[in-house]
1. Any idea which of L367, A389, H323 is furthest toward the positive side of the dipole for segment 323-390, if Lys and Arg beta-carbons carry +1 and Asp and Glu beta-carbons -1?
2. Please give the FRET efficiency for E199 paired with A71, using the beta carbon to beta carbon distance and R0 = 45 Å, rounded to the nearest 0.05.
3. Only Cα pairs under 8 Å and at least 6 apart count here; give the relative contact order of the chain as a rounded whole percent.
4. State the label only: which of (1) 21.9, 69; (2) 24.5, 77; (3) 23.1, 77 corresponds to Rg and Dmax of the Cα atoms in Å computed from the shown model?
5. Using just the helices of the chain, give the 222 nm mean residue ellipticity in deg cm²/dmol: DSSP H runs with n ≥ 4 each add -39,500 (n - 2.57), and the total is spread over all residues, rounded to 500.
6. Please give every one of the aspartates and glutamates within straight-line cross-link reach of K350, meaning a C-alpha to C-alpha distance under 18 Å, and leave out same-chain neighbours fewer than 8 residues apart.
7. Checking the cross-link filter: which lysines have an alpha carbon closer than 20 Å to that of K278, excluding same-chain neighbours under 8 positions apart?
8. Let me know the volume per residue of the alpha-carbon convex hull for segment 8-138, in Å³.
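Readers should treat all values here as calculations from the given coordinates under stated rules, not as data from a laboratory. Bear in mind that the values here come from a model prediction, so they are computed numbers and not experimental data. Note that each Cβ is placed from the backbone with ideal geometry, even for glycine, and that neighbours are counted across all protein chains shown.
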Amino acid sequence: MAVLPRLYEPLALEHFRETSAMLFLTGPRQVGKTTTARRIAERLGPETYLDWDDLDDRERILAGPAALARALELDRLQDPPPVLVLDEIHRFRRWKVLLKGFHDRWKERVRVIVTGSARLDLFRRGGESLLGRWYGYRLHPLSVGELVRPAPPAAGLLSGPAPLEEDAFVALRDLGGFPEPFLRGERRFRRRWERMRWELLLREDLRDLSRVHEVDRVELLAELLRRQVGSPVRYQALARAVRAAPDTVIRWTRLLEALHLAWSVRPWYRSIPRSLRKEPRVYLWDWASVPDEAARAENMIGSALLKAAHLWTDRGEGEFALHWLRDKEGNEVDFCLVRDGSPWLLVEVKLSGRAPLSPALARYQRLTGAPYAFQVAMDLPFVDRDPFAEPGPPLIVPARTFLSCLP
């Protein structure tokens, strides 16, 4: 099977040109972390790849930092320096101690790439014991922007529009952005892959990450959330459906997010009169799993926005966050991308380009001061014109054009 170049490869090379800190690559299972890490290593120097799930590799890891250094021959002058890729190392209880000791002693003689999913991503939020010793990128599924341009823009946040072949756009929309089903391009394989992934996340990974025993009820919650993508989450109703307390449902929902099955956005309420403040919307990392066509389109656009927000934040371009907008009168906009604490981009998603421009876009653009406001239409053909060229009033934009400008 072909291997697509990923956006994160040039970013990793840039990272190692600038610092000796370790590089952490986190993200969902099967998003391509291991493949990406090994492609990066191939371009940097001689690679040693160790997978915690391999018993022989585990024995080498458990031998400690000095044994790793001997295996890499770090007592010899080497040009270029060797690359150590550690896959799923966070499953080792004392992995932070191991990395801290190894990095502090040998950081100038080796480049270290660490990959992982749920537990490693949780560590990113509170990794004081390795503070200053690592930087990271959150890997996302493939997107239109990454397929047409697998490298970040030379300057700024955005790139100019570029066309993607129609077959590739349809495959991305219907089969999702995880590399394996996208590259296979077969609906039957896609269904088998999806079933396997859900079972892996909701059985093996759920037990690994938590002490939850009510696995069947967590599975039911995941299915209910899949059917409600794009709608405000009502925890009381979900609690009745799965026969659990609302606080338990909230905890389980957060577990599903930690497992990279789902992600959520919360309302942006500053400067919004009578705004909703608490109710999140939940989306799936694998948007092709969403059964409703309109919700799937919204999920796909939201995933591209979240990917951009994470990438720009991880790269140091600013602090970006994704929200949504709704007031108690029912005026709403699907997404509000916030840049350094201020709304920057409003996005409403529609299946058809014939849908009239939503009046809520103009309303919320006036209230928030966001420079850009787009109604993104899934069915419109690509237009070779940059919607971000100048700030202005709300504009209907083809999804093919809009998505190609994002990373």
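1. L367
2. According to the calculation, E is roughly 0.80.
3. It comes to 15 percent, rounded to a whole number.
4. For Rg and Dmax of the Cα atoms in Å, the calculated option is (1).
5. After summing the helix terms and dividing by residue count, I get -12000 deg cm²/dmol.
6. D174, D292, E293, E298, E332, D334, D379
7. By straight Cα distance, K278 reaches K328.
8. Considering the Cα atoms of segment 8-138, their hull volume per residue is 98 Å³.
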